[in-house]
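The values are calculated or read from the model by the stated rules, or taken from the named source; none is laboratory data. Quantities reported herein were computed from a predicted structural model and do not represent experimental measurements. Here Cβ is always computed from backbone atoms with ideal geometry, including for glycine, and neighbour counts include all displayed protein chains.
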Amino acid sequence: MSYIDGYVIPIPKRNLPAYVRMAKIGAKVWKDHGALLYIEALGDDLDTHCGISFPRQLKLKRGETALFSFIVYRSRAHRDRVNAKVMKDPRLHAAANPKRMPFDIKRMVCGGFKAIVKA
């Protein structure tokens with residue numbers, strides 16, 4: 001079964017172009033090091049009536065939206081090997097300068113997930 005790293009990121013809409021530039025580099029780096037799939041998705045229908053909505057849970061501020069991102073690997077061990085290479089890749093460090101991040105990294109939600117159903 002696959003292993004997935006998942007992220008939910010609150011981001012000011014005005015910072016989306018900068019984020020997309022950074023994410024395109026990230027996608028290339030992760031795929032070059034073996035990730036099976038890399039997806040970045042922009043919130044579109046967030047005010048749902050099922051459970052707690054993303055805006056409410058993330059405490060989105062005026063002018064912010066949410067990004068949902070995930071990276072798929074063959075297994076957790078594969079994820080660990082890929083991420084070790086990614087973290088050493090200079091392309092990632094150049095693209096993800098902590099002083100110029102287009103979002104507040106302290107508000108990002110992330111974690112690793114073991115797939116339990118695959119269709």
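General observations
- Residues that are surrounded by 15 or more Cβ atoms within 10 Å (Cβ to Cβ) and either basic (Lys, Arg) or in contact with a His (Cβ under 6 Å, 6 or more places away or on another chain) (or both) within the range 8-19 are absent altogether.
- Restricting the first member to the range 106-119 and to residues that are farther than 16 Å from Leu37 by Cβ, and the second to residues that are assigned to a strand (DSSP E or B) and acidic (Asp, Glu), the beta-carbon pairs closer than 9 Å and six or more apart or on different chains are Cys110/Asp5; Gly111/Asp5.
- Looking only at residues in the range 53-89 that are part of a strand (DSSP E or B) and touching a Lys or Arg at 6+ places or on another chain (Cβ under 6 Å), the one that is farthest from Pro102 (Cα to Cα) is Tyr73.
- Only residues that are on the phi < 0 side of the Ramachandran plot, exposed (fewer than 14 other Cβ atoms within 10 Å of the Cβ) and part of a loop (DSSP other than H, G, I, E, B) were counted across the range 20-52, and they come to 7.
- Pairs where the first residue, in the range 1-14, is of a type in the set (S, T, N, Q) and the second is surrounded by 17 or more Cβ atoms within 10 Å (Cβ to Cβ), C-beta under 7 Å, 6+ apart: Ser2/Val72; Ser2/Tyr73
- When the range 100-119 is limited to residues that are of a type in the set (D, E, K, R) and under 17 Å from Arg74 (Cβ atoms), the one that is modelled with the lowest pLDDT turns out to be Lys118.
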